[in-house]
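K.L.:
Provided herewith is a single structure, encoded as structure tokens, for subsequent inquiry.
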Amino acid sequence: STLPSEIGSLKSLVELDLESNFFTGSIPTELFQLTRLETLYMYDNILSGEVSPFFSQLEKLSILDLDTNYFSGTISSEIGNCRNLTEFYLHDNEIIGQLPESLSNLTRLKVLDVSLNYLNSTIIDGIGTLANLEILRLDNNYRIDDDGNVESIGIYGSIPDLIGNLSYL
């Protein structure tokens, strides 16, 4: 089933855990009215559509877990406005494009997992400024079509020198 729009009326909600269900469709825009939300677990569902830029409205959000769904499109640069984010999981979706430079604004980030997508990007220089980063997963970001042709080459290029400053990594 889909997530009901009435979810937006739960104004005092701090944590929402909807993991491992069979929710389908996109995330209702009403969810972004939950301004007290700190933790959002939506992994292991059948959710689809783009990862909304409206996540930036959830200023208290510290954990965002959208793993193992069917989200597509790019990672919005608006994600860089989620300044309290400490864990961002987007593993095993259908995300394409570049890593946004705005990820470097997430100075509290400890976990960034964008593995198992179809990213076609270099590692952004700003990743080396994320002093609290403990886990960085960029693996398996390539796509091969049914005929065996490579459609996305994944993460490529050199590793930024600043990554050596990440003492927790």
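The values are calculated or read from the model by the stated rules, or taken from the named source; none is laboratory data. Computed from a prediction, not measured in an experiment: that's the story for all the values here. Note that each Cβ is placed from the backbone with ideal geometry, even for glycine, and that neighbours are counted across all protein chains shown. Calculation scope for accessible area: heavy atoms of the full protein, side chains included, ligands and nucleic acids excluded. Shrake-Rupley method; radii C 1.70, N 1.55, O 1.52, S 1.80 Å.
K.L.:
By DSSP, what percent of the beta bridges with both residues in the chain are antiparallel, rounded to the nearest 5?
P.N.:
5
K.L.:
Divide, for segment 1-120, the radius of gyration over alpha carbons by 2.2 N^0.38 Å, where N is the residue count. Can you show the working numbers first?
P.N.:
Details: Rg = 13.1 Å, N = 120, 2.2 N^0.38 = 13.6 Å.
It is 0.97.
K.L.:
Then there's this: Between residue 144 and residue 168, what is the FRET efficiency for a Förster distance of 25 Å, r being their Cβ-Cβ separation, to the nearest 0.05?
P.N.:
Working: r = 34 Å, r/R0 = 1.35.
E between residue 144 and residue 168, to the nearest 0.05, is 0.15.
K.L.:
Pick out, from 89, 131, 117, the residue whose Cα sits farthest towards the positive end of the charge dipole of segment 82-152, with +1 on the Cβ of Lys and Arg and -1 on the Cβ of Asp and Glu.
P.N.:
With unit charges placed on the Cβ atoms, the residue in question is 131.
K.L.:
Let me ask another. At a probe radius of 1.4 Å, what is the per-residue accessible area of residue 5, in Å² to the nearest 10?
P.N.:
50
K.L.:
What whole-number distance in Å separates the alpha-carbon centres of segment 82-101 and segment 111-169?
P.N.:
Their Cα centres are 11 Å away from one another.
K.L.:
Assuming a viscosity of 1.306 mPa s and a temperature of 10 °C, what translational diffusion coefficient in µm² per second does Stokes-Einstein assign to segment 94-143, Rh being the Kirkwood radius over Cα pairs?
P.N.:
D, rounded to a whole number, is 142 µm²/s.
K.L.:
Also: Rounded to the nearest percent, how much of the accessible area of the chain (1.4 Å probe, protein heavy atoms only) is carbon and sulfur?
P.N.:
47
K.L.:
Give me the accessible area per residue for segment 31-169, probe 1.4 Å, as a whole number in Å².
P.N.:
47
K.L.:
Here's another thing I want to ask about it. With θ set to phi - 60°, apply the Karplus curve 6.51 cos²θ - 1.76 cosθ + 1.60 along segment 3-8 and write out the HN-Hα couplings as whole Hz, x wherever there is a Gly or Pro.
P.N.:
Listing the rounded values in order: 6, x, 5, 5, 4, x Hz.
K.L.:
Chymotrypsin sites (Phe, Trp or Tyr not before Pro), restricted to segment 63-169: which are DSSP loop and have at most 13 other Cβ atoms within 10 Å?
P.N.:
168
K.L.:
Next question. Let me cross-check residue 153: its accessible surface, 1.4 Å probe, with only protein heavy atoms counted, in Å² to the nearest 10?
P.N.:
Estimated to the nearest 10 Å², residue 153 gives 110 Å².
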